[in-house]
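Step one of this worksheet: look at the structure below.
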Amino acid sequence: MATASNPPRLALPVSVVAMRAQAYSPDDKTVVISLTTKYSTAERTYSVPLECFDDLVVDLQRLNALDASF
């Protein structure tokens, strides 16, 4: 629990070493992806709405524009 004397900890990012698209959902609204992380051989599977990928592309474009401005 965060308090004035004990601020909240920031979560460290997990290093992804492989990301694969497995399939579309039957309604074509989500994509099933799998991720493998640096410190695990286990492959985790997620169902991600297509809107999330749209948001990711926008974020990547924004980051690229910020990088280009320096």
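Readers should treat all values here as calculations from the given coordinates under stated rules, not as data from a laboratory. Since this is a predicted model, take the numbers as computed values, not measurements. Here Cβ is always computed from backbone atoms with ideal geometry, including for glycine, and neighbour counts include all displayed protein chains.
Residues that are among the aromatic types (Phe, Trp, Tyr) and farther than 23 Å from SER15 by Cβ within the range 27-70 comprise just one, PHE70.
Here the condition is being out of contact with any Cys (no Cβ under 7 Å at 6 or more places or on another chain) and in contact (Cβ under 8 Å) with a residue 12 or more places away in the chain; of ALA42, ALA18, ALA23, ALA65, it holds for ALA18 alone.
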